[in-house]
Amino acid sequence: MADSRTFVIIGGGLGGAKAAEALREKGFDGKVVLLADEEYLPYERPPLSKDFLAGKKSLADFTVHDSDWYREHKIDLRVDAEAVSIDPAEHTVSLSDDSQVHYDKLLLATGSRPRWLTIPGADSTGVHYLRKYDDASNLDTALKEGSSLAIIGAGWIGLEIAASARQRGVDVTVVETAKVPLSTAVGEEVGKVFAQLHRDHGVDLRLETEVKEITTEDGKATGLKLGDGSTVTADRVLVAVGAQPNIELAERAGLPTDGGGVLVDASLRSANPDIYAVGDIAAAEHPLFEERIRTEHWANALKQPEVAVAGMLGEPGEYQELPYFFTDQYDLGMEYAGHAPNYQRVVFRGDKDAREFVAFWLDTDNHLLAGMQVNIWDALDDIKNLIRKKAPVDPDKLADPEVPLPDALS
(Lines give C-alpha, C1' and ligand atoms only; values in the text may rest on other atoms or scores of the structure.)
Protein backbone atom coordinates (compact mmCIF):
# COMPACT_ATOMS: atom_id res chain seq x y z
CA MET A 1 0.00 0.00 0.00
CA ALA A 2 1.37 3.43 -0.94
CA ASP A 3 2.42 5.84 1.80
CA SER A 4 -0.45 8.21 2.56
CA ARG A 5 1.77 11.06 3.75
CA THR A 6 2.49 14.30 1.89
CA PHE A 7 5.95 15.84 2.01
CA VAL A 8 6.22 19.46 0.87
CA ILE A 9 9.42 21.16 -0.26
CA ILE A 10 9.60 24.95 -0.51
CA GLY A 11 12.35 26.12 -2.84
CA GLY A 12 13.02 25.84 -6.56
CA GLY A 13 16.80 25.65 -6.48
CA LEU A 14 19.27 22.80 -6.27
CA GLY A 15 18.34 21.98 -2.66
CA GLY A 16 14.66 21.55 -3.44
CA ALA A 17 15.31 19.39 -6.50
CA LYS A 18 17.82 17.18 -4.68
CA ALA A 19 15.38 16.70 -1.80
CA ALA A 20 12.68 15.47 -4.19
CA GLU A 21 15.23 13.18 -5.79
CA ALA A 22 16.37 11.80 -2.41
CA LEU A 23 12.81 11.06 -1.32
CA ARG A 24 12.22 8.84 -4.33
CA GLU A 25 15.65 7.24 -4.12
CA LYS A 26 14.96 6.31 -0.50
CA GLY A 27 11.72 4.65 -1.50
CA PHE A 28 9.17 7.17 -0.31
CA ASP A 29 6.09 6.61 -2.47
CA GLY A 30 3.79 9.16 -0.89
CA LYS A 31 2.94 12.54 -2.36
CA VAL A 32 5.80 15.01 -2.94
CA VAL A 33 4.96 18.65 -3.63
CA LEU A 34 7.79 20.93 -4.75
CA LEU A 35 7.00 24.66 -4.70
CA ALA A 36 9.21 26.84 -6.92
CA ASP A 37 8.58 30.58 -7.00
CA GLU A 38 10.12 31.09 -10.46
CA GLU A 39 8.66 30.08 -13.79
CA TYR A 40 11.60 27.77 -14.52
CA LEU A 41 12.37 24.20 -13.53
CA PRO A 42 14.67 24.07 -10.49
CA TYR A 43 18.22 24.98 -11.46
CA GLU A 44 21.66 25.53 -9.94
CA ARG A 45 22.77 29.07 -9.06
CA PRO A 46 26.62 29.06 -9.32
CA PRO A 47 26.73 28.96 -13.15
CA LEU A 48 24.85 32.26 -13.30
CA SER A 49 28.01 34.19 -12.38
CA LYS A 50 30.41 31.73 -13.99
CA ASP A 51 29.73 29.62 -17.08
CA PHE A 52 26.50 31.33 -18.14
CA LEU A 53 27.99 34.82 -18.35
CA ALA A 54 31.11 33.33 -19.90
CA GLY A 55 28.92 31.93 -22.68
CA LYS A 56 29.81 28.32 -21.87
CA LYS A 57 26.42 27.10 -20.60
CA SER A 58 22.74 27.79 -21.13
CA LEU A 59 19.91 27.38 -18.59
CA ALA A 60 19.23 23.84 -19.79
CA ASP A 61 22.80 22.86 -18.91
CA PHE A 62 22.35 23.68 -15.22
CA THR A 63 18.69 22.74 -14.82
CA VAL A 64 18.74 19.90 -12.29
CA HIS A 65 16.10 17.67 -13.95
CA ASP A 66 13.97 18.05 -17.04
CA SER A 67 10.18 18.07 -16.90
CA ASP A 68 10.01 14.38 -17.86
CA TRP A 69 11.92 13.45 -14.71
CA TYR A 70 9.39 15.15 -12.42
CA ARG A 71 6.54 13.49 -14.28
CA GLU A 72 8.14 10.04 -14.23
CA HIS A 73 8.89 10.30 -10.50
CA LYS A 74 5.43 11.65 -9.70
CA ILE A 75 6.71 14.90 -8.23
CA ASP A 76 4.00 17.55 -8.01
CA LEU A 77 6.20 20.41 -9.20
CA ARG A 78 4.48 23.78 -9.07
CA VAL A 79 6.36 26.64 -10.71
CA ASP A 80 5.43 30.27 -10.10
CA ALA A 81 4.13 29.08 -6.74
CA GLU A 82 5.04 31.47 -3.95
CA ALA A 83 4.64 30.25 -0.38
CA VAL A 84 3.55 33.12 1.86
CA SER A 85 2.95 31.46 5.23
CA ILE A 86 3.24 28.23 7.18
CA ASP A 87 0.83 27.09 9.88
CA PRO A 88 2.72 24.46 11.92
CA ALA A 89 -0.34 23.64 14.04
CA GLU A 90 -2.52 22.89 11.01
CA HIS A 91 0.41 21.54 8.94
CA THR A 92 -0.43 23.76 5.99
CA VAL A 93 1.45 26.04 3.60
CA SER A 94 -0.48 28.98 2.16
CA LEU A 95 0.37 30.23 -1.33
CA SER A 96 0.07 33.66 -2.92
CA ASP A 97 -2.93 32.51 -4.98
CA ASP A 98 -4.83 31.87 -1.71
CA SER A 99 -4.58 28.08 -2.05
CA GLN A 100 -3.22 25.82 0.66
CA VAL A 101 -1.12 22.66 0.68
CA HIS A 102 -1.24 20.19 3.56
CA TYR A 103 2.00 18.59 4.71
CA ASP A 104 3.05 15.82 7.05
CA LYS A 105 6.70 16.82 6.77
CA LEU A 106 8.03 20.11 5.40
CA LEU A 107 11.47 20.99 4.04
CA LEU A 108 12.55 24.61 3.70
CA ALA A 109 15.06 25.24 0.92
CA THR A 110 14.27 28.89 0.34
CA GLY A 111 17.82 30.06 -0.34
CA SER A 112 18.82 33.71 -0.20
CA ARG A 113 18.50 36.97 -2.08
CA PRO A 114 20.89 39.85 -2.76
CA ARG A 115 21.32 42.52 -0.13
CA TRP A 116 19.97 45.79 -1.48
CA LEU A 117 21.65 49.15 -1.19
CA THR A 118 19.72 52.17 0.04
CA ILE A 119 22.06 54.84 -1.33
CA PRO A 120 20.74 57.43 -3.83
CA GLY A 121 20.31 55.99 -7.31
CA ALA A 122 20.10 52.37 -6.16
CA ASP A 123 16.69 51.86 -7.76
CA SER A 124 17.65 53.33 -11.14
CA THR A 125 17.46 51.66 -14.53
CA GLY A 126 20.76 49.97 -15.33
CA VAL A 127 21.44 48.83 -11.75
CA HIS A 128 21.74 45.06 -11.59
CA TYR A 129 21.66 42.43 -8.87
CA LEU A 130 22.33 38.74 -9.41
CA ARG A 131 20.44 35.86 -7.87
CA LYS A 132 18.00 34.47 -10.42
CA TYR A 133 18.22 33.39 -14.02
CA ASP A 134 16.36 36.48 -15.22
CA ASP A 135 18.95 38.64 -13.44
CA ALA A 136 21.77 36.85 -15.22
CA SER A 137 19.99 36.97 -18.56
CA ASN A 138 19.50 40.73 -18.28
CA LEU A 139 23.14 41.18 -17.34
CA ASP A 140 24.23 38.94 -20.18
CA THR A 141 22.40 41.16 -22.64
CA ALA A 142 23.94 44.30 -21.16
CA LEU A 143 27.59 43.20 -21.11
CA LYS A 144 28.65 44.08 -24.61
CA GLU A 145 32.24 44.40 -25.79
CA GLY A 146 33.47 47.94 -25.29
CA SER A 147 30.87 48.77 -22.64
CA SER A 148 31.69 49.56 -19.03
CA LEU A 149 30.56 48.01 -15.75
CA ALA A 150 30.97 49.30 -12.20
CA ILE A 151 30.70 46.64 -9.50
CA ILE A 152 29.99 47.50 -5.87
CA GLY A 153 31.48 44.73 -3.74
CA ALA A 154 34.47 42.43 -4.16
CA GLY A 155 33.00 39.18 -2.87
CA TRP A 156 32.62 35.98 -4.88
CA ILE A 157 29.74 37.19 -7.03
CA GLY A 158 31.35 40.55 -7.76
CA LEU A 159 34.70 39.06 -8.70
CA GLU A 160 33.28 36.21 -10.78
CA ILE A 161 31.21 38.64 -12.79
CA ALA A 162 34.20 40.95 -13.11
CA ALA A 163 36.18 38.07 -14.61
CA SER A 164 33.40 37.11 -17.01
CA ALA A 165 32.94 40.74 -18.06
CA ARG A 166 36.63 41.31 -18.69
CA GLN A 167 36.79 38.18 -20.82
CA ARG A 168 33.97 39.69 -22.90
CA GLY A 169 35.89 42.90 -23.49
CA VAL A 170 34.01 45.00 -20.93
CA ASP A 171 35.82 47.72 -18.95
CA VAL A 172 35.36 46.87 -15.25
CA THR A 173 35.76 48.90 -12.08
CA VAL A 174 35.27 47.17 -8.72
CA VAL A 175 34.79 49.22 -5.56
CA GLU A 176 35.20 47.59 -2.14
CA THR A 177 35.26 49.03 1.38
CA ALA A 178 37.64 46.37 2.77
CA LYS A 179 41.43 46.37 2.50
CA VAL A 180 41.40 43.33 0.21
CA PRO A 181 38.78 41.38 -1.75
CA LEU A 182 37.15 38.40 -0.05
CA SER A 183 38.48 39.40 3.35
CA THR A 184 35.63 37.75 5.26
CA ALA A 185 35.84 34.57 3.18
CA VAL A 186 39.59 33.89 2.97
CA GLY A 187 41.32 36.63 4.94
CA GLU A 188 43.85 39.26 3.93
CA GLU A 189 46.68 36.90 2.95
CA VAL A 190 44.75 35.09 0.22
CA GLY A 191 42.59 38.10 -0.60
CA LYS A 192 45.73 39.82 -1.90
CA VAL A 193 46.15 37.01 -4.45
CA PHE A 194 42.72 37.74 -5.89
CA ALA A 195 43.39 41.48 -5.89
CA GLN A 196 46.49 40.97 -8.01
CA LEU A 197 44.69 38.48 -10.26
CA HIS A 198 42.08 41.04 -11.21
CA ARG A 199 44.51 43.90 -11.60
CA ASP A 200 46.61 41.68 -13.88
CA HIS A 201 43.52 41.27 -16.07
CA GLY A 202 42.80 44.97 -16.31
CA VAL A 203 40.22 45.51 -13.57
CA ASP A 204 40.30 48.93 -11.92
CA LEU A 205 40.12 47.66 -8.34
CA ARG A 206 39.52 50.35 -5.74
CA LEU A 207 39.87 49.11 -2.18
CA GLU A 208 39.04 50.84 1.13
CA THR A 209 36.65 52.97 -0.88
CA GLU A 210 33.02 53.81 -0.12
CA VAL A 211 30.26 54.35 -2.66
CA LYS A 212 28.11 57.31 -1.71
CA GLU A 213 25.76 57.38 -4.67
CA ILE A 214 24.88 55.70 -7.94
CA THR A 215 24.88 58.61 -10.34
CA THR A 216 22.04 58.89 -12.81
CA GLU A 217 20.82 60.80 -15.82
CA ASP A 218 17.15 60.70 -16.80
CA GLY A 219 16.60 57.85 -14.35
CA LYS A 220 19.40 55.67 -15.76
CA ALA A 221 22.59 54.77 -13.91
CA THR A 222 25.70 56.48 -15.24
CA GLY A 223 28.27 55.37 -12.66
CA LEU A 224 29.30 55.91 -9.06
CA LYS A 225 30.14 58.78 -6.75
CA LEU A 226 32.75 57.71 -4.23
CA GLY A 227 33.49 58.78 -0.70
CA ASP A 228 36.47 60.88 -1.72
CA GLY A 229 34.33 62.86 -4.14
CA SER A 230 35.66 61.17 -7.27
CA THR A 231 33.39 59.47 -9.77
CA VAL A 232 33.35 56.31 -11.87
CA THR A 233 31.63 56.39 -15.24
CA ALA A 234 29.84 53.19 -16.27
CA ASP A 235 27.11 52.02 -18.60
CA ARG A 236 25.86 49.56 -16.00
CA VAL A 237 26.20 49.07 -12.24
CA LEU A 238 26.18 45.72 -10.44
CA VAL A 239 25.48 45.64 -6.72
CA ALA A 240 27.16 42.61 -5.11
CA VAL A 241 27.32 43.36 -1.40
CA GLY A 242 26.28 40.00 -0.01
CA ALA A 243 23.20 37.88 0.42
CA GLN A 244 20.21 37.89 2.76
CA PRO A 245 18.86 34.43 3.71
CA ASN A 246 15.16 33.98 3.04
CA ILE A 247 14.07 33.09 6.56
CA GLU A 248 10.93 35.20 6.80
CA LEU A 249 8.61 32.22 6.26
CA ALA A 250 10.33 30.38 9.09
CA GLU A 251 10.24 33.39 11.39
CA ARG A 252 6.53 33.97 10.81
CA ALA A 253 5.94 30.29 11.56
CA GLY A 254 7.63 30.73 14.93
CA LEU A 255 10.76 28.71 14.17
CA PRO A 256 13.83 29.82 16.14
CA THR A 257 16.37 31.75 14.06
CA ASP A 258 19.58 33.59 14.87
CA GLY A 259 18.94 36.45 12.48
CA GLY A 260 21.01 34.76 9.81
CA GLY A 261 19.48 31.34 9.56
CA VAL A 262 16.97 28.80 10.80
CA LEU A 263 18.37 26.95 13.80
CA VAL A 264 18.60 23.23 13.03
CA ASP A 265 20.39 20.32 14.63
CA ALA A 266 22.92 18.08 12.90
CA SER A 267 20.08 16.15 11.25
CA LEU A 268 18.86 19.51 9.83
CA ARG A 269 15.65 19.36 11.85
CA SER A 270 14.29 22.61 13.25
CA ALA A 271 12.72 23.10 16.68
CA ASN A 272 9.52 21.80 15.08
CA PRO A 273 9.97 18.04 14.55
CA ASP A 274 8.05 18.13 11.26
CA ILE A 275 10.05 20.96 9.64
CA TYR A 276 13.60 20.72 8.27
CA ALA A 277 15.83 23.28 6.56
CA VAL A 278 18.75 23.02 4.12
CA GLY A 279 21.06 25.23 2.09
CA ASP A 280 21.66 28.94 2.62
CA ILE A 281 19.11 29.26 5.43
CA ALA A 282 20.26 26.33 7.59
CA ALA A 283 22.27 27.31 10.67
CA ALA A 284 23.24 23.75 11.49
CA GLU A 285 25.07 22.19 14.41
CA HIS A 286 28.29 20.71 13.02
CA PRO A 287 29.58 17.60 14.84
CA LEU A 288 33.24 18.22 13.92
CA PHE A 289 33.51 21.93 14.66
CA GLU A 290 31.06 21.77 17.58
CA GLU A 291 29.33 25.00 16.61
CA ARG A 292 26.56 26.20 14.37
CA ILE A 293 27.63 26.86 10.80
CA ARG A 294 25.65 28.53 8.06
CA THR A 295 27.24 28.94 4.65
CA GLU A 296 25.84 30.17 1.36
CA HIS A 297 27.55 27.64 -0.85
CA TRP A 298 26.51 25.19 -3.53
CA ALA A 299 27.78 22.12 -1.65
CA ASN A 300 25.18 22.47 1.11
CA ALA A 301 22.33 22.65 -1.38
CA LEU A 302 23.74 19.58 -3.10
CA LYS A 303 24.41 17.35 -0.10
CA GLN A 304 22.27 18.46 2.84
CA PRO A 305 18.94 17.33 1.33
CA GLU A 306 19.85 13.65 1.56
CA VAL A 307 20.44 14.00 5.32
CA ALA A 308 17.29 16.05 5.86
CA VAL A 309 15.22 13.56 3.88
CA ALA A 310 16.57 10.72 6.01
CA GLY A 311 15.34 12.53 9.09
CA MET A 312 11.96 13.22 7.53
CA LEU A 313 11.64 9.48 6.92
CA GLY A 314 12.59 8.64 10.52
CA GLU A 315 16.12 7.48 9.76
CA PRO A 316 19.17 8.61 11.79
CA GLY A 317 21.67 10.91 10.17
CA GLU A 318 24.00 13.87 10.68
CA TYR A 319 25.39 16.34 8.20
CA GLN A 320 29.15 16.04 8.68
CA GLU A 321 30.46 17.39 5.38
CA LEU A 322 33.11 20.08 5.65
CA PRO A 323 32.08 23.47 4.29
CA TYR A 324 33.23 23.61 0.67
CA PHE A 325 33.24 26.16 -2.12
CA PHE A 326 34.96 26.76 -5.42
CA THR A 327 35.52 29.50 -7.94
CA ASP A 328 36.79 29.92 -11.48
CA GLN A 329 38.11 33.34 -12.46
CA TYR A 330 40.17 33.84 -15.64
CA ASP A 331 42.80 31.10 -15.55
CA LEU A 332 42.47 30.56 -11.79
CA GLY A 333 40.51 27.63 -10.44
CA MET A 334 40.34 26.85 -6.76
CA GLU A 335 38.60 24.67 -4.18
CA TYR A 336 38.31 25.42 -0.47
CA ALA A 337 37.32 23.11 2.36
CA GLY A 338 36.99 23.80 6.06
CA HIS A 339 35.88 26.52 8.45
CA ALA A 340 38.34 29.15 9.66
CA PRO A 341 36.59 32.32 10.89
CA ASN A 342 39.09 32.75 13.74
CA TYR A 343 42.33 31.54 12.17
CA GLN A 344 45.67 32.81 13.44
CA ARG A 345 47.99 32.27 10.48
CA VAL A 346 48.10 31.14 6.86
CA VAL A 347 50.79 28.83 5.49
CA PHE A 348 51.46 28.59 1.75
CA ARG A 349 52.84 25.63 -0.20
CA GLY A 350 53.85 26.19 -3.81
CA ASP A 351 54.21 29.30 -5.96
CA LYS A 352 51.82 31.98 -4.77
CA ASP A 353 52.96 34.51 -7.38
CA ALA A 354 52.32 32.02 -10.20
CA ARG A 355 48.96 31.24 -8.59
CA GLU A 356 49.75 27.54 -8.22
CA PHE A 357 49.69 26.83 -4.53
CA VAL A 358 47.90 25.39 -1.52
CA ALA A 359 46.98 27.63 1.42
CA PHE A 360 46.37 26.36 4.94
CA TRP A 361 44.55 28.22 7.74
CA LEU A 362 45.77 27.30 11.25
CA ASP A 363 44.65 28.13 14.79
CA THR A 364 46.92 29.07 17.70
CA ASP A 365 47.71 25.40 18.40
CA ASN A 366 48.50 24.61 14.76
CA HIS A 367 45.33 22.67 14.12
CA LEU A 368 44.35 22.82 10.46
CA LEU A 369 41.02 24.61 10.13
CA ALA A 370 40.77 24.99 6.35
CA GLY A 371 42.71 24.57 3.16
CA MET A 372 42.50 25.81 -0.41
CA GLN A 373 44.07 24.41 -3.57
CA VAL A 374 44.66 26.91 -6.37
CA ASN A 375 45.37 25.52 -9.84
CA ILE A 376 46.46 22.30 -8.11
CA TRP A 377 43.99 19.43 -8.15
CA ASP A 378 45.30 16.62 -5.96
CA ALA A 379 45.41 18.10 -2.45
CA LEU A 380 41.80 18.45 -1.34
CA ASP A 381 41.28 14.93 0.04
CA ASP A 382 44.45 15.22 2.11
CA ILE A 383 43.37 18.64 3.35
CA LYS A 384 40.02 17.25 4.48
CA ASN A 385 41.67 14.31 6.23
CA LEU A 386 44.03 16.59 8.16
CA ILE A 387 41.15 18.82 9.23
CA ARG A 388 39.16 15.83 10.47
CA LYS A 389 42.08 14.48 12.50
CA LYS A 390 41.97 17.63 14.69
CA ALA A 391 45.64 17.03 15.52
CA PRO A 392 48.44 19.63 15.41
CA VAL A 393 50.34 19.95 12.15
CA ASP A 394 53.90 21.09 11.51
CA PRO A 395 53.76 24.41 9.60
CA ASP A 396 57.19 23.82 8.07
CA LYS A 397 56.09 20.46 6.70
CA LEU A 398 52.89 22.01 5.35
CA ALA A 399 54.96 24.58 3.49
CA ASP A 400 57.39 22.02 2.01
CA PRO A 401 56.16 20.57 -1.31
CA GLU A 402 58.51 17.63 -0.82
CA VAL A 403 56.65 16.47 2.28
CA PRO A 404 53.45 14.54 1.50
CA LEU A 405 50.51 16.21 3.20
CA PRO A 406 49.55 13.10 5.21
CA ASP A 407 53.01 13.36 6.82
CA ALA A 408 52.57 16.99 7.90
CA LEU A 409 51.33 16.14 11.38
CA SER A 410 53.54 17.27 14.25
Q) When you go through F62, F52, F28 one by one, which is the residue that is farther than 24 Å from W298 by Cβ, open to solvent by less than 80 Å² (accessible area, probe 1.4 Å), in contact with a helix residue (DSSP H, G or I) (Cβ under 9 Å, 6 or more places away or on another chain) and not acidic (D, E)? A) F28
Q.
Yes or no: the range 321-339 includes at least one residue that is of a type outside the set (V, I, T), in contact (Cβ under 8 Å) with a residue 24 or more places away in the chain, in contact with a Phe, Trp or Tyr (Cβ under 6 Å, 6 or more places away or on another chain) and not in a strand (DSSP E or B).
A. yes
Q) Mind checking which pairs have a first residue in the range 346-366 that is within 15 Å of G191 (Cβ to Cβ) and open to solvent by 30 Å² or more (accessible area, probe 1.4 Å) and a second that is at pLDDT 95 or above and part of a strand (DSSP E or B), Cβ under 8 Å, 6 or more apart or different chains? A) F348/F357; F348/V358; F348/A359; F348/F360; R355/L332; R355/V374
Q. Among the candidates A359, A282, which residue alone is under 20 Å from the mean Cα position of the chain (by Cα), at pLDDT 95 or above and among the hydrophobic types (A, V, I, L, M, F, W, C)?
A. A282
Q: Mind checking which strands (runs of 3 or more DSSP E) fall wholly inside the range 174-269 and carry at least 1 residues that are among the small types (G, A, S), under 24 Å from the mean Cα position of the chain (by Cα) and surrounded by 15 or more Cβ atoms within 10 Å (Cβ to Cβ)?
A: 243-245
Q | Residues of the range 367-389 that turn out to be open to solvent by 80 Å² or more (accessible area, probe 1.4 Å) and in a loop (DSSP other than H, G, I, E, B), as a count | A | 2
Q. What pairs can you find where one residue is in the range 270-284 and of a type in the set (D, E, K, R), the other is part of a loop (DSSP other than H, G, I, E, B) and surrounded by 24 or more Cβ atoms within 10 Å (Cβ to Cβ), and their Cβ atoms are less than 7 Å apart, with a gap of 6+ or different chains?
A. D280/G111
Q. In the range 270-309, how many residues are buried (at least 20 other Cβ atoms within 10 Å of the Cβ), β-branched (V, I, T) and part of a strand (DSSP E or B)?
A. 1
**Q.** Pair list, Cβ under 6 Å, 6 or more apart: the range 179-208 residue on the phi > 0 side of the Ramachandran plot, other residue buried (at least 22 other Cβ atoms within 10 Å of the Cβ) and modelled with pLDDT of 95 or more
**A.** L182/F194
Q: Determine whether I119 is modelled with pLDDT of 95 or more and in a strand (DSSP E or B).
A: no
(Q) Please go through the range 134-173 and give me each residue that is buried (at least 19 other Cβ atoms within 10 Å of the Cβ), among the small types (G, A, S) and free of Cβ contacts under 8 Å to residues at least 40 places away in the same chain, ordered by number. (A) none
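The values are calculated or read from the model by the stated rules, or taken from the named source; none is laboratory data. This one's a predicted model, so the numbers in the text were calculated from it and none came from an experiment. We place every Cβ from the backbone using ideal geometry, glycine too, and count neighbours over all the protein chains shown. The area values use the complete protein model at the heavy-atom level, side chains included, leaving out ligands, DNA and RNA. Shrake-Rupley method; radii C 1.70, N 1.55, O 1.52, S 1.80 Å.
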